[in-house]
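First the structure, in the form of C-alpha coordinates, and then the observations on it.
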Amino acid sequence: MARECAAAFAASTGLGCVVSNKQGDALAEYGYGCASCRVCTLAGREKLQCVRAQNYSTAEAERFGGRYIYYCPMGLTCFVSPILGENESAAHITAGPFLMVEREDYIDCELTCLEKEQRTGIVRELESVPVVHTATVNQMSTLLFMAVGFLNKVSATERMRKVQSADAIQGQINSYILQLKQEERPSPYPFATEKAFLRSIRRAEREEAGRLLNELLGYILLASVFCYVDVRHAHTIHLCMQYIETHYHEKVTLEQLAERVFLSPAYLSRVFKEETGTAFNDYLNRVRITKARQLLLHEELRIIDVASAVGFEDQSYFTKVFRRVTGMTPLRYRARYTQGTD
(Lines give C-alpha, C1' and ligand atoms only; values in the text may rest on other atoms or scores of the structure.)
Protein backbone atom coordinates (compact mmCIF):
# COMPACT_ATOMS: atom_id res chain seq x y z
CA MET A 1 0.00 0.00 0.00
CA ALA A 2 2.80 2.46 0.87
CA ARG A 3 4.56 1.71 -2.42
CA GLU A 4 1.34 2.20 -4.38
CA CYS A 5 0.69 5.48 -2.58
CA ALA A 6 4.20 6.79 -3.33
CA ALA A 7 4.06 5.64 -6.94
CA ALA A 8 0.69 7.34 -7.51
CA PHE A 9 1.84 10.56 -5.86
CA ALA A 10 5.04 10.67 -7.95
CA ALA A 11 3.17 9.99 -11.18
CA SER A 12 0.52 12.63 -10.51
CA THR A 13 2.78 15.45 -9.24
CA GLY A 14 6.05 14.86 -11.07
CA LEU A 15 7.98 14.82 -7.79
CA GLY A 16 10.17 11.93 -6.75
CA CYS A 17 8.87 9.85 -3.85
CA VAL A 18 10.80 7.56 -1.53
CA VAL A 19 9.39 5.07 0.97
CA SER A 20 11.83 4.64 3.87
CA ASN A 21 11.86 2.63 7.06
CA LYS A 22 12.19 4.10 10.54
CA GLN A 23 16.00 4.16 10.26
CA GLY A 24 15.85 6.14 7.00
CA ASP A 25 16.82 3.26 4.68
CA ALA A 26 15.11 3.59 1.28
CA LEU A 27 12.71 0.73 0.59
CA ALA A 28 11.34 2.00 -2.72
CA GLU A 29 11.78 5.03 -4.96
CA TYR A 30 9.61 6.44 -7.71
CA GLY A 31 10.97 9.17 -9.96
CA TYR A 32 13.92 11.36 -8.97
CA GLY A 33 13.85 11.16 -5.18
CA CYS A 34 16.27 11.56 -2.30
CA ALA A 35 17.75 8.13 -2.91
CA SER A 36 18.84 9.14 -6.43
CA CYS A 37 19.86 12.71 -5.64
CA ARG A 38 23.64 13.27 -5.74
CA VAL A 39 23.78 16.98 -4.91
CA CYS A 40 25.01 16.47 -1.33
CA THR A 41 27.54 13.87 -2.44
CA LEU A 42 28.89 16.13 -5.19
CA ALA A 43 29.27 18.90 -2.60
CA GLY A 44 31.36 16.61 -0.41
CA ARG A 45 28.69 15.96 2.22
CA GLU A 46 28.01 12.56 3.71
CA LYS A 47 24.78 10.83 2.71
CA LEU A 48 24.18 10.28 6.42
CA GLN A 49 23.44 13.99 6.78
CA CYS A 50 20.51 13.63 4.38
CA VAL A 51 19.21 10.62 6.33
CA ARG A 52 19.45 12.51 9.62
CA ALA A 53 17.61 15.48 8.15
CA GLN A 54 14.88 13.16 6.88
CA ASN A 55 14.51 11.35 10.21
CA TYR A 56 14.49 14.62 12.14
CA SER A 57 11.79 15.98 9.84
CA THR A 58 9.72 12.82 10.23
CA ALA A 59 9.75 13.35 14.00
CA GLU A 60 8.73 16.97 13.44
CA ALA A 61 5.93 15.82 11.14
CA GLU A 62 4.50 13.73 13.96
CA ARG A 63 4.96 16.65 16.35
CA PHE A 64 3.29 19.19 14.07
CA GLY A 65 0.33 17.31 12.68
CA GLY A 66 1.50 14.72 10.17
CA ARG A 67 3.44 16.69 7.54
CA TYR A 68 6.63 18.71 7.49
CA ILE A 69 8.37 20.74 4.80
CA TYR A 70 12.13 20.92 5.23
CA TYR A 71 15.41 21.71 3.53
CA CYS A 72 18.14 19.15 2.94
CA PRO A 73 21.75 19.98 3.93
CA MET A 74 22.25 21.54 0.48
CA GLY A 75 19.12 23.67 0.59
CA LEU A 76 16.87 21.57 -1.66
CA THR A 77 13.28 21.26 -0.46
CA CYS A 78 11.45 18.08 0.54
CA PHE A 79 8.37 17.23 2.56
CA VAL A 80 7.59 14.11 4.52
CA SER A 81 4.64 12.33 6.11
CA PRO A 82 5.02 9.45 8.59
CA ILE A 83 3.37 6.05 8.26
CA LEU A 84 2.31 5.11 11.76
CA GLY A 85 2.63 1.85 13.59
CA GLU A 86 0.76 1.11 16.80
CA ASN A 87 2.61 3.63 18.97
CA GLU A 88 4.97 5.58 16.68
CA SER A 89 6.05 6.00 13.08
CA ALA A 90 7.12 2.77 11.42
CA ALA A 91 8.10 4.30 8.06
CA HIS A 92 7.68 7.50 6.07
CA ILE A 93 7.14 8.79 2.55
CA THR A 94 9.34 11.66 1.42
CA ALA A 95 8.57 13.79 -1.64
CA GLY A 96 11.41 15.67 -3.31
CA PRO A 97 13.99 17.01 -3.68
CA PHE A 98 12.84 20.09 -5.58
CA LEU A 99 13.61 23.79 -5.80
CA MET A 100 11.33 26.62 -4.67
CA VAL A 101 13.53 29.21 -6.41
CA GLU A 102 14.86 29.41 -9.93
CA ARG A 103 17.94 27.28 -10.58
CA GLU A 104 20.09 30.36 -11.30
CA ASP A 105 19.13 31.89 -7.96
CA TYR A 106 19.91 28.65 -6.14
CA ILE A 107 23.29 28.37 -7.85
CA ASP A 108 24.20 31.97 -6.97
CA CYS A 109 23.04 31.59 -3.36
CA GLU A 110 24.03 28.07 -2.30
CA LEU A 111 27.02 27.11 -4.46
CA THR A 112 29.26 30.15 -4.26
CA CYS A 113 31.59 28.60 -1.66
CA LEU A 114 32.20 25.38 -3.61
CA GLU A 115 35.07 24.52 -5.90
CA LYS A 116 34.53 25.00 -9.64
CA GLU A 117 34.49 21.25 -10.30
CA GLN A 118 31.89 20.70 -7.58
CA ARG A 119 29.73 23.52 -8.92
CA THR A 120 29.86 22.13 -12.43
CA GLY A 121 28.78 18.67 -11.28
CA ILE A 122 25.92 20.02 -9.16
CA VAL A 123 24.69 22.30 -11.95
CA ARG A 124 24.38 19.24 -14.21
CA GLU A 125 22.60 17.33 -11.44
CA LEU A 126 20.12 20.18 -10.97
CA GLU A 127 18.75 19.49 -14.44
CA SER A 128 16.93 16.54 -12.85
CA VAL A 129 15.57 18.60 -9.96
CA PRO A 130 12.10 20.09 -10.61
CA VAL A 131 11.15 23.65 -9.67
CA VAL A 132 7.92 24.05 -7.70
CA HIS A 133 6.34 27.41 -6.90
CA THR A 134 5.99 28.20 -3.21
CA ALA A 135 2.20 28.46 -3.34
CA THR A 136 1.97 24.90 -4.68
CA VAL A 137 4.27 23.26 -2.14
CA ASN A 138 1.89 23.53 0.81
CA GLN A 139 -0.95 22.07 -1.26
CA MET A 140 1.23 19.17 -2.40
CA SER A 141 2.33 18.41 1.14
CA THR A 142 -1.33 18.39 2.21
CA LEU A 143 -2.13 16.00 -0.61
CA LEU A 144 0.61 13.60 0.51
CA PHE A 145 -0.56 13.88 4.11
CA MET A 146 -4.11 12.95 3.12
CA ALA A 147 -2.87 10.03 1.02
CA VAL A 148 -0.71 8.72 3.86
CA GLY A 149 -3.62 9.40 6.22
CA PHE A 150 -5.57 6.78 4.30
CA LEU A 151 -2.80 4.30 5.07
CA ASN A 152 -2.75 5.31 8.71
CA LYS A 153 -6.52 4.94 8.96
CA VAL A 154 -8.77 7.63 10.31
CA SER A 155 -8.00 7.09 13.98
CA ALA A 156 -4.25 7.46 13.51
CA THR A 157 -4.73 10.53 11.34
CA GLU A 158 -6.88 12.16 13.99
CA ARG A 159 -4.26 11.32 16.60
CA MET A 160 -1.64 13.19 14.58
CA ARG A 161 -3.97 16.15 14.11
CA LYS A 162 -4.41 16.42 17.88
CA VAL A 163 -0.67 16.49 18.56
CA GLN A 164 -0.59 20.23 17.99
CA SER A 165 -3.05 20.80 20.87
CA ALA A 166 -2.14 17.92 23.17
CA ASP A 167 -1.33 20.22 26.09
CA ALA A 168 -4.56 21.49 27.60
CA ILE A 169 -4.79 25.27 27.59
CA GLN A 170 -5.64 26.51 31.06
CA GLY A 171 -5.78 29.89 32.81
CA GLN A 172 -7.26 33.26 32.00
CA ILE A 173 -5.74 34.26 28.64
CA ASN A 174 -8.52 36.28 27.06
CA SER A 175 -6.95 39.69 27.70
CA TYR A 176 -3.71 38.71 25.98
CA ILE A 177 -5.59 37.23 23.02
CA LEU A 178 -7.53 40.47 22.63
CA GLN A 179 -4.24 42.36 22.57
CA LEU A 180 -2.82 40.10 19.88
CA LYS A 181 -6.00 40.37 17.81
CA GLN A 182 -5.27 44.04 17.28
CA GLU A 183 -2.42 42.94 15.05
CA GLU A 184 -2.96 41.85 11.47
CA ARG A 185 -1.26 38.55 12.28
CA PRO A 186 0.57 37.14 15.31
CA SER A 187 3.93 38.68 16.11
CA PRO A 188 7.10 36.52 16.15
CA TYR A 189 7.18 33.82 18.84
CA PRO A 190 7.84 35.58 22.21
CA PHE A 191 11.10 33.91 23.19
CA ALA A 192 11.83 36.68 25.71
CA THR A 193 8.55 35.91 27.46
CA GLU A 194 9.42 32.22 27.53
CA LYS A 195 12.81 32.95 29.11
CA ALA A 196 11.21 35.22 31.70
CA PHE A 197 8.65 32.49 32.44
CA LEU A 198 11.40 29.91 33.08
CA ARG A 199 13.28 32.40 35.23
CA SER A 200 10.20 33.08 37.36
CA ILE A 201 9.76 29.33 37.88
CA ARG A 202 13.34 29.02 39.13
CA ARG A 203 12.69 31.88 41.56
CA ALA A 204 9.39 30.35 42.73
CA GLU A 205 7.50 33.49 41.66
CA ARG A 206 4.18 31.75 41.16
CA GLU A 207 2.04 34.76 40.34
CA GLU A 208 4.47 36.12 37.77
CA ALA A 209 4.99 32.65 36.29
CA GLY A 210 1.23 32.25 35.91
CA ARG A 211 0.92 35.59 34.14
CA LEU A 212 3.74 34.81 31.70
CA LEU A 213 2.39 31.31 31.06
CA ASN A 214 -0.97 32.80 30.13
CA GLU A 215 0.73 35.11 27.64
CA LEU A 216 2.54 32.17 26.03
CA LEU A 217 -0.63 30.09 25.85
CA GLY A 218 -2.52 33.06 24.45
CA TYR A 219 0.04 33.44 21.68
CA ILE A 220 -0.03 29.73 20.85
CA LEU A 221 -3.82 29.63 20.73
CA LEU A 222 -4.11 32.70 18.54
CA ALA A 223 -1.31 31.51 16.26
CA SER A 224 -3.27 28.32 15.61
CA VAL A 225 -6.37 30.39 14.80
CA PHE A 226 -4.37 32.43 12.29
CA CYS A 227 -2.88 29.22 10.79
CA TYR A 228 0.55 30.68 11.30
CA VAL A 229 2.47 28.34 8.99
CA ASP A 230 5.93 29.19 10.31
CA VAL A 231 5.12 28.26 13.93
CA ARG A 232 6.61 24.85 13.22
CA HIS A 233 9.99 26.59 13.12
CA ALA A 234 9.64 27.74 16.74
CA HIS A 235 11.04 24.40 17.96
CA THR A 236 13.99 24.70 15.58
CA ILE A 237 14.78 28.24 16.70
CA HIS A 238 14.37 27.17 20.33
CA LEU A 239 17.07 24.52 19.79
CA CYS A 240 19.35 27.18 18.30
CA MET A 241 18.77 29.51 21.23
CA GLN A 242 19.43 26.74 23.74
CA TYR A 243 22.71 25.97 21.98
CA ILE A 244 23.75 29.63 22.06
CA GLU A 245 22.90 29.89 25.77
CA THR A 246 25.25 27.01 26.60
CA HIS A 247 28.01 27.62 24.02
CA TYR A 248 28.17 31.43 23.82
CA HIS A 249 31.75 31.34 25.13
CA GLU A 250 32.82 29.20 22.16
CA LYS A 251 32.99 29.96 18.45
CA VAL A 252 29.35 29.76 17.32
CA THR A 253 28.51 30.13 13.64
CA LEU A 254 25.31 30.13 11.64
CA GLU A 255 26.70 27.23 9.61
CA GLN A 256 27.17 25.12 12.75
CA LEU A 257 23.61 25.63 13.88
CA ALA A 258 22.19 25.11 10.38
CA GLU A 259 23.87 21.70 10.25
CA ARG A 260 22.49 20.80 13.68
CA VAL A 261 18.88 21.56 12.69
CA PHE A 262 19.17 20.32 9.08
CA LEU A 263 18.50 23.64 7.35
CA SER A 264 20.63 25.59 4.92
CA PRO A 265 22.44 28.57 6.51
CA ALA A 266 20.63 31.05 4.25
CA TYR A 267 17.21 29.66 5.15
CA LEU A 268 17.99 29.42 8.88
CA SER A 269 19.17 33.04 8.85
CA ARG A 270 15.88 34.17 7.32
CA VAL A 271 13.71 32.03 9.61
CA PHE A 272 15.67 33.11 12.72
CA LYS A 273 15.07 36.78 11.87
CA GLU A 274 11.38 36.18 11.12
CA GLU A 275 10.76 34.19 14.32
CA THR A 276 12.79 36.28 16.78
CA GLY A 277 12.80 39.70 15.14
CA THR A 278 16.60 39.73 15.52
CA ALA A 279 19.38 38.74 13.15
CA PHE A 280 21.41 35.70 14.23
CA ASN A 281 24.67 37.59 14.90
CA ASP A 282 22.84 40.36 16.77
CA TYR A 283 21.15 37.80 19.01
CA LEU A 284 24.44 35.98 19.68
CA ASN A 285 26.18 39.25 20.55
CA ARG A 286 23.36 40.32 22.88
CA VAL A 287 23.62 37.03 24.78
CA ARG A 288 27.37 37.46 25.09
CA ILE A 289 27.06 41.08 26.26
CA THR A 290 24.46 40.05 28.85
CA LYS A 291 26.95 37.52 30.25
CA ALA A 292 29.74 40.11 30.08
CA ARG A 293 27.71 42.57 32.15
CA GLN A 294 27.59 40.04 34.97
CA LEU A 295 31.32 39.36 34.80
CA LEU A 296 32.24 43.06 34.72
CA LEU A 297 30.83 43.44 38.22
CA HIS A 298 33.82 41.38 39.43
CA GLU A 299 36.53 44.03 39.50
CA GLU A 300 39.34 41.50 39.77
CA LEU A 301 38.68 40.35 36.19
CA ARG A 302 40.52 42.14 33.39
CA ILE A 303 38.50 43.43 30.44
CA ILE A 304 40.43 41.16 28.08
CA ASP A 305 39.58 38.17 30.28
CA VAL A 306 35.89 39.07 30.29
CA ALA A 307 35.93 39.40 26.50
CA SER A 308 37.52 35.98 26.13
CA ALA A 309 35.15 34.38 28.64
CA VAL A 310 32.08 35.38 26.62
CA GLY A 311 33.42 34.35 23.23
CA PHE A 312 35.16 37.45 21.83
CA GLU A 313 38.66 36.78 20.51
CA ASP A 314 39.42 40.48 20.04
CA GLN A 315 39.09 42.99 22.91
CA SER A 316 38.59 45.98 20.62
CA TYR A 317 35.72 44.25 18.83
CA PHE A 318 34.25 43.30 22.21
CA THR A 319 34.38 46.96 23.25
CA LYS A 320 32.74 48.04 20.00
CA VAL A 321 29.88 45.54 20.37
CA PHE A 322 29.47 46.31 24.08
CA ARG A 323 29.15 50.02 23.36
CA ARG A 324 26.64 49.38 20.57
CA VAL A 325 24.45 47.27 22.86
CA THR A 326 24.73 49.21 26.13
CA GLY A 327 25.67 52.71 25.01
CA MET A 328 28.91 52.72 27.03
CA THR A 329 32.32 51.06 27.09
CA PRO A 330 33.02 48.07 29.37
CA LEU A 331 35.23 50.24 31.62
CA ARG A 332 32.54 52.89 31.92
CA TYR A 333 29.94 50.22 32.69
CA ARG A 334 32.13 48.69 35.40
CA ALA A 335 32.86 52.07 36.96
CA ARG A 336 29.21 53.05 37.00
CA TYR A 337 27.77 49.86 38.44
CA THR A 338 30.50 48.81 40.84
CA GLN A 339 30.62 52.25 42.44
CA GLY A 340 26.87 52.21 43.01
CA THR A 341 26.17 55.44 41.16
CA ASP A 342 23.18 53.91 39.36
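The values are calculated or read from the model by the stated rules, or taken from the named source; none is laboratory data. Note that the structure is a prediction, hence the values are computed from the model and not measured. Ideal geometry is used to build each Cβ from the backbone, glycine not excepted, and the neighbour counts take in all protein chains shown. These area figures cover heavy atoms from the full protein model, side chains too; ligands, DNA and RNA do not enter into them. Shrake-Rupley method; radii C 1.70, N 1.55, O 1.52, S 1.80 Å.
Only alpha carbons enter this Debye calculation for the stretch 232-328, each as an equal point scatterer, and the log10 of I(q)/I(0) it gives at q = 0.20 Å⁻¹ is -0.95. Multiplying the residue separation of Arg199 and Leu239 by 0.36 nm and removing their Cα-Cα distance gives an extension gain of 12.6 nm.
For the stretch 269-342 versus the stretch 93-121, the inter-centroid distance based on Cα atoms is 38 Å. The gain in end-to-end length when the Ala266 to Leu27 segment is fully stretched comes to 82.9 nm, 0.36 nm per residue minus the alpha carbon separation. Leaving out ligands, DNA and RNA, what percent of the accessible area of the stretch 1-159 is carbon and sulfur, probe 1.4 Å? Solvent-exposed carbon and sulfur of the stretch 1-159 make up 53 percent of the total.
Can you order the peptides 142-151, 294-303, 94-103 by their average number of other Cβ atoms within 10 Å per residue, highest first?
Numbers: 142-151: 18.2, 294-303: 12.5, 94-103: 21.3.
Highest mean packing first, the order is 94-103, 142-151, 294-303.
Counting only Cα atoms, the stretch 280-342 measures 34, 20, 17 Å along its principal axes, largest extent leading.
Charging the Cβ of each Asp and Glu at -1 and of each Lys and Arg at +1, and nothing else, the dipole of the stretch 255-314 about its Cα centre rounds to 200 debye.
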